[in-house]
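Report on the structure given below.
The values are calculated or read from the model by the stated rules, or taken from the named source; none is laboratory data. Remember, it's a predicted structure, so these values are computed and weren't measured experimentally. All Cβ positions, even for glycine, are placed from backbone atoms using ideal geometry, and neighbour counts span all protein chains on display.
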Amino acid sequence: MDWQRPGLRIVFISLLVLFAGVVAALVRSQWTEVHEDAPLGSGGILDARDWSPQHDGLLDLAGEWEFYWQEFVVPSHVPGRPGPDDPRPEAVIPQPGLWNHLDIPGSWYSPESYATLRLRLQIDDSWPETLGIYILEVSNSLRMFINGTLVAQAGEPGVTKAETLHKLRPRLGEYYRDGATELDIVLQIANYIDREGGRKRPLYVGTPEDVRGMQRSTIAYEGIIGGALLIIGLYNLVLFLVRREDRLPLAKLSAILPRHEVIFRPRDVVGGDFYWAAPGQNPGSGWIAVGDCTGHGVPGALMVMLSTSLLARCVQSVNDSPDPGRVLGELHRGVRAAMPRSKTHDGLDIGLLYYEPGTVRFAGAHLGLFVLRASGSLPVEYLPGSRKGAGYARTPIDYAFETARLQLQPDDCVYLTSDGLLDQNGGERGFPFGKRRFIRLLETLRGQPLPQQREQILGALDEYRGENPQRDDIVVLGFQSP
């Protein structure tokens, strides 16, 4: 049996993921249940007086929390009765959630900063005196207070990067409420290493026994899924090394478009950005993609392997009528199905095009397409991708990615780039490189051969970055129409 055939590879990966999912679900079912009809916070208050941790299980402290931007609030008053020196919240925001995704008119919140989240939890006397706390993954540092008492901490939040110590792991805590029926819960969060700031996953409260059960369940569940992804990664790595034609997609890209250049700079040894190509229906036609998966290093690389395997299957299903938007829809649903439910913020941004001589069909998920016309009288064209990413829980499962079509003239240049280049900070004020600066740079490259364009882009990026560290993986792919 030829395990290098794409069809058998897909069957193997699908069966492995299915097996891991079934085993993980069985493991998860052995521990305490979290109810979907639990009460939610509203206006910074969560009324849980009708909830019984002893009978109903763990309570997810989801809903609306008070949000204090660039402030570390420590309550020093009677819970529920704001003191005279208490700051007022800037907004009330849904949790779990990321502050750089907030859509508040006139405001923008950088992921690299600090903030406080606050919730007042109302309970009754039947609740246990000792409460267990379980904070799932927070890609930041944090401190958690209940009624002014520190109950959990990960790292050391600070108002600057130098003052902050990050520890990216779940935390357990316990709190003796001493008869209190209103709990003032405060989370101080700081982030200077992740491109997303805030709380990504649930925060549970309940009996200490249920909290420890949830911890064991989560470790087993994610260990099984992680092991399955590791096996998939090792399997693909072996094929990657054995099959010379699969070592890099450059050979496939060259068969489609002889004139092309690629900039590939992972932040670490390996990363979550990728470029990819596959042949189309006819000679000289094919699929080309640039993607940006969540994560860096090995976790990002494993997401790349999963995403590119699914992408290969998706394009095969529509090769009779190439439609990049349809492919992205299938890819989105495939990633959602393959990832565990707890990975609500895992997915990818991707720009995908189908090229045939003189024509490009393009669809993007958070990534766009740049076109530099050979004619000096035309400005750089930018085709924005969809505002939704692929595979993320916040993207509706039936979301329709739109396909745009454009005509190419001889010597027109087309560019796909991940956000690593556009988001790289630098310059005198530390601002991102940005789309406008990239467009101005491309306009200076008109008429130059692609190898020289590549060197000019690298030089401009390095000069702008200066002494700042590389923030993210970077991929730029450019090609010239015959």
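Does Leu172 satisfy the condition of being at pLDDT below 90 and part of a strand (DSSP E or B)?
In short, yes.
So is Asp125 part of a loop (DSSP other than H, G, I, E, B), at pLDDT 90 or above, surrounded by fewer than 19 Cβ atoms within 10 Å (Cβ to Cβ) and in the same structural domain as Tyr192 (by TED's automatic domain parsing) or not? Walk me through how you get there before you give the answer.
Values: part of a loop (DSSP other than H, G, I, E, B): yes; at pLDDT 90 or above: yes; surrounded by fewer than 19 Cβ atoms within 10 Å (Cβ to Cβ): yes; in the same structural domain as Tyr192 (by TED's automatic domain parsing): yes.
Judged against the criteria, Asp125 is a match.
Residues in the range 91-108 that are assigned to a loop (DSSP other than H, G, I, E, B) and either at pLDDT 90 or above or surrounded by fewer than 20 Cβ atoms within 10 Å (Cβ to Cβ) (or both): how many?
7
Go through the range 460-482 and give me each residue that's farther than 22 Å from Pro111 by Cα and without any contact (Cβ under 8 Å) to a residue 40 or more places away in the chain.
Result: Ala460, Asp462, Glu463.
Looking at the range 170-185, which of the residues that are under 21 Å from Ile219 (Cβ atoms) and not acidic (Asp, Glu) is surrounded by the most Cβ atoms within 10 Å (Cβ to Cβ)?
The extreme case among them is Arg171.
When the range 407-429 is examined, which residues are found to be among the charged types (D, E, K, R) and within 16 Å of Leu445 (Cα to Cα)?
Within the range 407-429, Asp411, Asp412 qualify.
Counting only residues that are more than 22 Å from Gly272 (Cα to Cα) and touching a Lys or Arg at 6+ places or on another chain (Cβ under 7 Å), which one in the range 208-245 is modelled with the lowest pLDDT?
If we take residues in the range 208-245 being more than 22 Å from Gly272 (Cα to Cα) and touching a Lys or Arg at 6+ places or on another chain (Cβ under 7 Å), then Tyr221 is modelled with the lowest pLDDT.
For Lys167, which of the numbered conditions (1) under 20 Å from the mean Cα position of the chain (by Cα); (2) surrounded by 14 or more Cβ atoms within 10 Å (Cβ to Cβ) fails to hold?
(2)
Restricting attention to the range 262-288, report how many residues are under 19 Å from Leu421 (Cβ atoms), in contact with a Pro (Cβ under 9 Å, 6 or more places away or on another chain) and of a type in the set (Gly, Ala, Ser).
Residues that pass the stated criteria total 1.
Just name the residue that is surrounded by the most Cβ atoms within 10 Å (Cβ to Cβ) out of those in the range 252-305 that are closer than 18 Å to Ala338 by Cβ and among the β-branched types (Val, Ile, Thr).
Looking at residues that are closer than 18 Å to Ala338 by Cβ and among the β-branched types (Val, Ile, Thr), I get Val304.
With respect to Ala337, is the statement that it is assigned by TED's automatic domain parsing to the domain that holds Gly286 and closer than 20 Å to Thr308 by Cβ true?
Details: assigned by TED's automatic domain parsing to the domain that holds Gly286: yes; closer than 20 Å to Thr308 by Cβ: yes.
Considered against the rule, which asks whether it is assigned by TED's automatic domain parsing to the domain that holds Gly286 and closer than 20 Å to Thr308 by Cβ, Ala337 comes out as yes.
For Thr160, indicate whether it is within 24 Å of Ser42 (Cα to Cα), out of contact with any Leu (no Cβ under 9 Å at 6 or more places or on another chain) and surrounded by fewer than 17 Cβ atoms within 10 Å (Cβ to Cβ).
No; evaluated as a whole, the condition is false for this residue.
Does Val205 qualify as being modelled with pLDDT of 80 or more, in a helix (DSSP H, G or I) and either surrounded by 14 or more Cβ atoms within 10 Å (Cβ to Cβ) or charged (D, E, K, R) (or both)?
For Val205, the condition - modelled with pLDDT of 80 or more, in a helix (DSSP H, G or I) and either surrounded by 14 or more Cβ atoms within 10 Å (Cβ to Cβ) or charged (D, E, K, R) (or both) - is not met.
Residues to consider are Arg49, Arg88; find the one that is among the basic types (Lys, Arg), assigned to a loop (DSSP other than H, G, I, E, B) and modelled with pLDDT of 85 or more.
Details: Arg88 fails: modelled with pLDDT of 85 or more.
Result of the check over Arg49, Arg88: Arg49.
Inspect all residues belonging to the range 409-422 and state whether any of them is in contact with a Phe, Trp or Tyr (Cβ under 9 Å, 6 or more places away or on another chain) and acidic (Asp, Glu).
Checked the range 409-422: no residue is in contact with a Phe, Trp or Tyr (Cβ under 9 Å, 6 or more places away or on another chain) and acidic (Asp, Glu).
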